[in-house]
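As structure tokens, the structure follows; a few thoughts come after it.
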Amino acid sequence: MSNPVSTYRIKESAEINAPASVAYNVIADYEVGHPAILPKTFISTVTVFEGGHGAGTVIAVQTAPRLGNRTLTMEISEPEPGKILQEDIRENGTSSRFIVEPLGESRCRVTFDTHGKTDSGLRGWVEAMLSPLLLRPIYKEELKLLDQYVQQMA
């Protein structure tokens, strides 16, 4: 009998001082916008293999040494274009959604919502417990950088 797979969920939101369409386009732009808002202390490089904007994009992300210098390959989809962008990590089945909701004409709420799966057993349980502790500060910093980036664009 095998152990069940461990799972975790991380959800982080912030209000962004920009129209929803502007924030969404930055997140969906894997050539310039999205790499610009990634905290460099956690993510060292983003390489685009296919596409570059929104659905159909395939990227590789190299994590910084503090996260173990791992390479993660992600496929991008848009379940609701202009509102929800999704990254699916090929290596482990983790899925992250970027949800952009308008709050009037010049503000929006951006939510990062990640559902992760880990290996079964003790190792997976530990990873499920530690992942939120490691990723939450990254998401908070990324949302802060997104707000700064869109304000510089204006």
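The values are calculated or read from the model by the stated rules, or taken from the named source; none is laboratory data. What you are looking at is a predicted structure, and each value in this text was computed from that prediction instead of being measured. Note that we place each Cβ from the backbone using ideal geometry, even for glycine, and neighbour counts take in every protein chain shown.
For region 110-146, residues that are in contact with a Ser or Thr (Cβ under 7 Å, 6 or more places away or on another chain), surrounded by fewer than 16 Cβ atoms within 10 Å (Cβ to Cβ) and closer than 29 Å to A23 by Cβ total 1.
When restricted to residues that are touching a residue at least 60 places away in the same chain (Cβ under 8 Å) and within 19 Å of S95 (Cβ to Cβ), region 130-154 contains 9. Take region 52-93 and flag every residue that is over 22 Å from T41 (Cβ atoms), out of contact with any strand residue (DSSP E or B) (no Cβ under 9 Å at 6 or more places or on another chain) and either loosely packed, with under 12 Cβ neighbours inside 10 Å or in contact (Cβ under 8 Å) with a residue 60 or more places away in the chain (or both). Residues satisfying the conditions do not exist here. So D88 clears everything in (1) more than 21 Å from E141 (Cβ to Cβ); (2) at pLDDT below 95 except one condition, right? Which one? With respect to (1) more than 21 Å from E141 (Cβ to Cβ); (2) at pLDDT below 95, D88 is out only on (2).
Do we have I37 as of a type in the set (V, I, T) and at pLDDT 95 or above here? Considered against the rule, which asks whether it is of a type in the set (V, I, T) and at pLDDT 95 or above, I37 comes out as yes.
Restricting region 96-149 to residues that are at pLDDT 95 or above and aliphatic (A, V, I, L, M) leaves a set whose member that is farthest from the chain's Cα centre (by Cα) is L103.
Mind counting the residues in region 20-72 that are of a type in the set (V, I, T), over 17 Å from R97 (Cβ atoms) and part of a loop (DSSP other than H, G, I, E, B)? Steps first, please.
Initial filter on region 20-72 (of a type in the set (V, I, T)): 22, 26-27, 32, 37, 41, 43, 45-48, 57-59, 61, 63, 71.
From what's left, over 17 Å from R97 (Cβ atoms): 22, 32, 41, 43, 45-48, 58, 63, 71.
Filter again for part of a loop (DSSP other than H, G, I, E, B), leaving 32, 41.
Residues in region 20-72 being of a type in the set (V, I, T), over 17 Å from R97 (Cβ atoms) and part of a loop (DSSP other than H, G, I, E, B): 2 in total.
Restricting region 58-76 to residues that are in contact with a Ser or Thr (Cβ under 9 Å, 6 or more places away or on another chain) and of a type in the set (S, T, N, Q) leaves a set whose member that is modelled with the lowest pLDDT is N69. Scanning region 88-142 for residues that are aliphatic (A, V, I, L, M) and in a helix (DSSP H, G or I) yields L122, V126, A128, M129, L130, L133, L134, L135, I138.
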